[in-house]
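Okay, structure first, notes after.
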Amino acid sequence: MKTSLSLTLYALTAAGIVAADSSAKDEVTAAAKKLGEQPNYSWTTTVVVPESAQFKPGPTEGKTEKDGFTYVTLAFGDNLTEAVVKGDKATITDQDGNWRLASELENAEGRDRFLGRMVRNFKTPAAQVPDLLSAAKELKKDGETYSAELTEDGAKKQFRFGQPQNPKGSVKFWVKDGTITKYEVKVEAKMEFNGNEIDASRTSTTEIKKVGTTNVNAPGDAKKKLS
């Protein structure tokens with residue numbers, strides 16, 4: 001009798017956890033969908049890496065309009081790179097400041113090849129949130145925030161280049177008035193670079209702003225490239 005009762009309580013508890021996780025994921029999914037349905041919005045993504053990191057990315061500023069252009073500026077040290085995406089086409093400035101289609105950089109070398117691959121895989125925050133949810137374990141809600149550990153495979157996917165060793169991470173979402181306002185991704189891993197082991201850990205924080213009041217002024221040369 002005691003065994004039967006224990007199994008029943010365990011089953012009810014497990015069902016409650018699954019239901020809570022499902023409900024939390026549904027709420028964040030709906031919040032991302034609501035953001036994506038807005039006429040326009042802006043965002044800023046900042047990345048914090050270890051002090052030992054040789055490469056320290058600057059902030060990314062983005063603007064997007066529904067069914068229109070997405071314009072992004074990315075800071076790499078003292079260099080500023082611009083990218084414009086519309087539909088399944090993307091263009092980005094190369095190391096000489098010229099607009100190039102992502103497809104034109106497939107066989108490029110060094111920095112340009114890296115940028116071409118990055119812009120081809122680019123996603124707006126509203127599109128990125130569902131991917132992060134699919135990479136998360138049990139999602140827990142605390143007021144207007146939702147957090148979860150990442151699966152090992154989910155953490156690994158946050159590293160677009162190289163082979164991360166023992167990757168792990170977490171994700172956190174902030175929702176207000178039914179819309180995503182901010183999300184944070186933390187990942188930890190070691191990686192081999194030029195024969196040396198480096199700390200590839202980082203924390204990326206994306207903040208949404210100017211929802212419905214953003215002007216997306218994509219450069220004319222970029223628009224011509226995408227036409």
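The GNM of the chain, with springs linking C-alpha atoms under 10 angstrom apart, assigns the highest mean-square fluctuation among Gln54, Gln128, Gln38 to Gln54. Between Ala108, Ala30, Ala75, the Gaussian network model of the chain with springs among Cα atoms under 10 angstrom shows the greatest mean-square fluctuation at Ala108. Which one of Val211, Ser52, Gly97 has its Cα pushed farthest toward the positive end of the charge dipole of the chain, where Lys and Arg give +1 and Asp and Glu give -1 at the Cβ? Projecting each Cα onto the dipole axis, the largest value belongs to Val211.
Please give the FRET efficiency for Arg113 paired with Glu144, using the beta carbon to beta carbon distance and R0 = 30 Å, rounded to the nearest 0.05. Walk me through the numbers before you get to the answer.
On the way: r = 41 Å, r/R0 = 1.36.
Once rounded, the FRET efficiency stands at 0.15.
Using the Karplus relation 6.51 cos²θ - 1.76 cosθ + 1.60 with θ = phi - 60°, the per-residue 3J(HN,Hα) values for the stretch 100-111 come to 10, 5, 4, 5, 6, 9, 4, 9, 6, 10, x, 4 Hz, with x marking Gly and Pro. Computing FRET efficiency as 1/(1 + (r/R0)^6) for Ser103 and Glu27, where r is the C-beta to C-beta distance and R0 is 30 Å, gives about 0.20.
Rounded to the nearest 20 debye, what is the charge dipole size of the chain about its Cα centre when +1 sits on each Lys and Arg Cβ and -1 on each Asp and Glu Cβ? Don't skip to the answer; put the middle values down first.
On the way: 33 positive and 32 negative charges, 90 e Å.
Dipole magnitude for the chain comes out near 440 debye.
For Cα extents along the principal axes in Å, the listed values are (1) 52, 33, 33; (2) 76, 48, 28; (3) 61, 58, 39; which was obtained by calculation from the structure presented? Checking each listed value against the structure points to (2). Please label the shape of the stretch 120-172 as rounded, prolate or oblate, based on the square roots a ≥ b ≥ c of the eigenvalues of the alpha-carbon gyration tensor (a/c under 1.5 means rounded; beyond that, a/b larger than b/c means prolate, else oblate). Judged from the Cα gyration tensor, the stretch 120-172 comes out oblate (a/c at least 1.5, b/c at or above a/b).
Throughout, read-outs are computed from the coordinates displayed, never taken from laboratory work. Everything quoted here is computed from the prediction, not taken from an experiment. Because the Cβ atoms are built from the backbone with ideal geometry, glycine has one as well, and the counts that use them run over all protein chains shown.
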